[in-house]
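Below you'll find the structure, written out as structure tokens, and then a few comments.
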Amino acid sequence: MFSLNKLLVCLSFLVAITFSSIALAEDISHFGIGKTATPEEIAGWDIDVRPDGKGLPKGQGSISVGEELYEAKCASCHGSFGEGVGRWPPLAGGEDSLREDRPEKTVGSYWPYASTLWDYINRAMPFPAPQSLKPDEVYAITAYVLYLNDLVEDDFVLTQDNLASIKMPNEDNFYIDDRPDTNNTRCMKKCKDPSKIVVIQSLSGITPDQEKEESTTEQNNSLSETAIAGKAIYTSSCLVCHGSGVAGAPTLTDKESWAKRLEQGMDTVVKHAIGGFLGEKGMMPPKGGNMSLTDEDVKNAVHYMVEAE
Ligand code: HEC
Ligand code: HEC
């Protein structure tokens with residue numbers, strides 16, 4: 001699920017883009033490529049809103065307007081009360097759950113600033129049509145999501161002037177980490193042989209399937225060469241959804257679903273995986289979102305998915 005860290009990474013990426021385009025502008029004559037970004041182009045990217053309200057456009061929105069918009073544009077995924085439909089993320093609830101084994105991190109229970117909510121909705125929602133909302137609509141929907149979290153009263157009107165004054169319950173648990181930096185000293189003698197150092201890539205957030213790991217060799221025997229070639233690709237780029245069936249992705253064990261899909265012919269199934277497709281269950285992004293894969297890689301991964309038990 002979305003995490004604040006991810007958002008911060010995205011934001012700093014945007015900042016990096018903005019700065020690097022400034023740096024590029026100066027170097028253009030040197031490289032002879034690109035062009036200076038116009039103020040309008042920069043404004044198109046420069047949409048972040050900060051906790052102190054900097055970056056907010058003028059506007060306002062009431063809870064009642066927000067409720068209507070939310071019902072129409074958001075409730076189908078996030079639920080009428082922000083409880084989340086199916087596996088779509090909840091936006092409310094989870095109070096006092098952060099110390100539990102399975103904390104429920106929502107806007108109300110976890111997010112430190114209301115500005116993030118405004119920014120996120122403005123930037124990324126509704127999921128199928130990001131950046132389609134007008135500022136007043138974002139204000140109204142933000143107000144309504146705050147209301148669903150019992151953070152404002154029902155007659156509240158959110159504006160560019162009062163957003164920064166909203167205190168989120170978990171704000172104090174975000175603080176500057178002021179522990180000193182520790183510097184590793186470079187090893188100068190009796191150092192480890194670099195060729196003995198193995199870098200292991202792993203996917204974070206996914207629990208490895210131990211049983212499957214153990215029976216790997218046994219399993220490989222029954223796989224075609226194409227499928228064996230596709231296994232690592234599957235693990236790195238497809239398992240994140242197909243492993244557990246995220247967002248309607250068919251799992252490898254769902255043989256019934258695969259049999260039905262294969263009725264269209266393997267070529268079509270592979271084409272869908274390469275080019276992406278919108279089916280009854282959900283959206284399969286082109287190449288699973290990893291555009292660095294070749295068509296051959298994706299084809300191999302599909303063979304693995306179809307053959308693996
Ligand atoms: C088609 C389904 C869908 C619709 C409609 C939709 N969202 Fe979302 N929303 C998502 C998904 C999926 C995510 C998680 C995205 C991610 O993690 O990258 C999300 C994430 C969010 C989050 C962040 C939640 C968190 O704690 O990580 C907020 C806030 C949000 N949506 C608000 C809205 C609002 C407001 C609307 C209506 C204007 C809306 N969404 C419409 C699917 C939807
Ligand atoms: C973001 C989630 C996601 C990722 C990552 C993902 N898929 Fe999918 N995939 C889906 C969903 C959802 C469907 C089902 C769509 C439907 O039938 O409604 C699907 C369906 C498919 C199908 C069936 C196509 C058909 O014609 O029925 C194939 C094949 C497939 N994915 C291959 C892959 C491969 C190969 C990768 C990795 C390179 C991958 N997927 C990564 C979500 C994902």
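What does the charge add up to near A229, with Lys and Arg as +1, Asp and Glu as -1, over the other residues with Cβ less than 11 Å from its Cβ?
Combined, the nearby Lys, Arg, Asp and Glu give -1.
Distance in nm between label sites at L278 and D254, each 7 Å beyond Cα in the beta-carbon direction?
1.9 nm
Within the set of other residues whose C-beta is less than 14 Å from the C-beta of F277, count the net charge using Lys and Arg as +1 and Asp and Glu as -1.
Net of charged neighbours comes to +2.
Please compute the modelled spin-label separation between E153 and D181, points set 7 Å along Cα→Cβ, answer in nm with one decimal.
4.9 nm
For the residue pair R102 and S76, what label-to-label distance in nm results when each label sits 7 Å from Cα along the Cα-to-beta-carbon direction?
If labels sit at R102 and S76, their model points lie 2.8 nm apart.
Counting other C-beta atoms within 10 Å, which of T251, T182 has the fewest, and how do the rest follow?
Placing the least packed residue first, the sequence is T182, T251.
Take the alpha-carbon centre of the range 265-287, take the same for the range 223-260, and report the distance between them in whole Å.
With the range 265-287 and the range 223-260 each reduced to a Cα centre, they are spaced 12 Å.
Run through the range 129-186 and list the GluC sites (Glu not before Pro) located in a DSSP loop whose Cβ has at most 10 other Cβ atoms within 10 Å.
Loop-located and lightly packed - E153.
Under 17 Å Cα to Cα from K73, which lysines show up? Leave out anything in the same chain fewer than 8 places away.
Filter leaves K134.
Laboratory data are not the source of any read-out in this text; all were calculated from the coordinates shown. Note that the coordinates shown come from a computational prediction; the quantities given were computed from them, not determined experimentally. Note that each Cβ is placed from the backbone with ideal geometry, even for glycine, and that neighbours are counted across all protein chains shown.
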